[in-house]
Amino acid sequence: MKVAVLDFGKTNSKLFVFGQDGQILDERRTQPSWTRKGGFSVLDETALHDWAARAVDDAVDNHGIEGLMVSGHGCTFALVDDAALTHPILDYEQEPPAEIAAQIDRRIPDFAETFSPHLPLGFNYGRHMLWLKAVQPGAFAAAKSILGYPQYWSWRFGGRAVSEVSYLGCHSHLWAPRKRDFSSLVDAEGWRGQMPDFERAGAVIGEQRFGEAAWPIAIHNGVHDSNAALYAYRRQELGPVTVVSTGTWVIVLNPDCPLDALDRDRDMLVNVDVDGGPVPTIRFMGGREFATISAGWQGAIDRSTLQQVIDAGIMALPSFAPGGPMPGHPGELVGRAPNAEERAAVALLYVALMVDLCLDLIHSNNTVIVDGGLNSGGLLASLLAQLRPGQAFMQGATPEGSATGAAALAFESVGREFAAEAPEPVRASSFAGLAGYRDSWRSLATDRGVADAAAGGAR
């Protein structure tokens, strides 16, 4: 059996074909396009759908896939009637006008109920739902169903309209993790009746024909991407783990962190796993910040360049994107002006230092698994292992942990084995002066008025 996974990220969207041995047999990539319409930045849904449909057709023709699964980025919802969207899908990177924000933010439930901190833009997508309802109530009145982003695509490709707990529980303001039920906001706004019945991530929710031979394939209920990465490793029974899932966002998930340790002012929150359990989480927009600091660097980074940067004390101070554990100050470079590759080295060190801080704040002292595109070549994981010698570090055998977890859910839902490779141990790097570089970075961040790091994590 083979399964195709559509992995819809904010920056890149991908299709992977998986075999039951966990190997990726084929892949296609594109970038979603966002456009202005009706006063909003919205997804060019038609273009993304057409690319995805062609990719699935090719996967059927070339590989004989039997199922289609979706993994999707957070912070995004879709309103649909029986056949189509009732409003274009909003880009979560836009702030409501100040007068509307003042009205809607008063209606957001307390952190103690939802464990969703008050974040800017649409980083809590319930906030964007309130904005859209305030200015275009007809879109809600016409909608039969309110869907999470992965559920929209599962529905769009031939499945039923369903809800899924890992997506609804993803800092949306819509879910109360302790109650395992919708939040008070959902009932206050009258949305409960528009929330479809729940199905587990990976469950078969329909069938559709693709390819030249119109081959029927199963449509599986989609999943939140970072929770899919968490599932990919938890299913392997590796014991207590913290997962660092990297992409546009760096998401650090530690199921063993006490809920009362979460700080609403540091982008700490509760995610919800595919079975409804709370997962304490901290995050920052690491992929976006890496691209900004490095001026879009795409190549490898030589270890000698990293050592040069450490020796010279060139560093980036947070933050270069909204949210994250050090909000409220614009990012800046300190030290002499770096060349192009040195900028990339500074950017990678910045991501490593931010993850190190996040691991402290999320009380991580178990095994850490580093996953995703920012660990290309294993350099990020080896830096973290050097910074935190008291912890064991591993890295995914493939950088596509979210897609791998999504594939596992699809295979398991139809009773098929899925044998993904286990993560690999990480050997710590040996850069001279790295600990001192970290201490200087934290001191400079504190001097700019950013609160000091928690002392609870292991190093």
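Structure values in brief
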{"read-out": "Lone unmet requirement of (1) in a loop (DSSP other than H, G, I, E, B); (2) buried (at least 19 other Cβ atoms within 10 Å of the Cβ); (3) over 23 Å from the mean Cα position of the chain (by Cα); (4) not small (Gly, Ala, Ser) for Asp21", "value": "(2)"}
{"read-out": "Test for Thr46: is it outside any strand (DSSP E or B), free of Cβ contacts under 8 Å to residues at least 12 places away in the same chain and within 30 Å of His171 (Cβ to Cβ)", "value": "yes"}
{"read-out": "One residue from Arg266, Arg235, Arg288 being of a type in the set (D, E, K, R) and in contact with a Pro (Cβ under 9 Å, 6 or more places away or on another chain)", "value": "Arg266"}
{"read-out": "Residues that are at pLDDT below 95 and among the basic types (Lys, Arg), drawn from the range 135-166", "value": "none"}
{"read-out": "Subset tally (residues that are in contact with a strand residue (DSSP E or B) (Cβ under 6 Å, 6 or more places away or on another chain), over 13 Å from Ser364 (Cα atoms) and open to solvent by less than 30 Å² (accessible area, probe 1.4 Å)) for the range 386-408", "value": "6"}
{"read-out": "Selection count where residues are part of a helix (DSSP H, G or I), among the β-branched types (Val, Ile, Thr) and over 21 Å from Pro280 (Cβ atoms), scope the range 319-355", "value": "1"}
{"read-out": "Subset of the range 200-222 that is out of contact with any Gly (no Cβ under 7 Å at 6 or more places or on another chain) and under 15 Å from Ala4 (Cβ atoms) - its residue that is least open to solvent (accessible area, probe 1.4 Å)", "value": "Gly202"}
{"read-out": "Failed item, numbered, when His118 is tested on (1) within 24 Å of Glu95 (Cβ to Cβ); (2) at pLDDT 95 or above; (3) surrounded by fewer than 24 Cβ atoms within 10 Å (Cβ to Cβ)", "value": "(2)"}
{"read-out": "Matching residues, the range 260-273, being touching a residue at least 12 places away in the same chain (Cβ under 8 Å) and open to solvent by 10 Å² or more (accessible area, probe 1.4 Å)", "value": "Ala261, Leu262, Asp263, Arg264, Asp265, Arg266, Asp273"}
{"read-out": "Selected residue (criterion: surrounded by the fewest Cβ atoms within 10 Å (Cβ to Cβ)) from residues of the range 348-373 that are more than 17 Å from Leu306 (Cα to Cα) and among the hydroxyl-bearing types (Ser, Thr, Tyr)", "value": "Thr367"}
{"read-out": "Among (1) more than 16 Å from Asp21 (Cα to Cα); (2) open to solvent by 50 Å² or more (accessible area, probe 1.4 Å); (3) under 26 Å from the mean Cα position of the chain (by Cα) - the single one Leu444 does not satisfy", "value": "(3)"}
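The values are calculated or read from the model by the stated rules, or taken from the named source; none is laboratory data. These numbers were taken from a predicted model, which means no experiment stands behind them. Glycine also receives a Cβ, built like all others from the backbone with ideal geometry; neighbour counts cover every protein chain displayed. The protein model used for the area step is the full one, side chains on, heavy atoms only, and it has no ligands, DNA or RNA in it. Shrake-Rupley method; radii C 1.70, N 1.55, O 1.52, S 1.80 Å.
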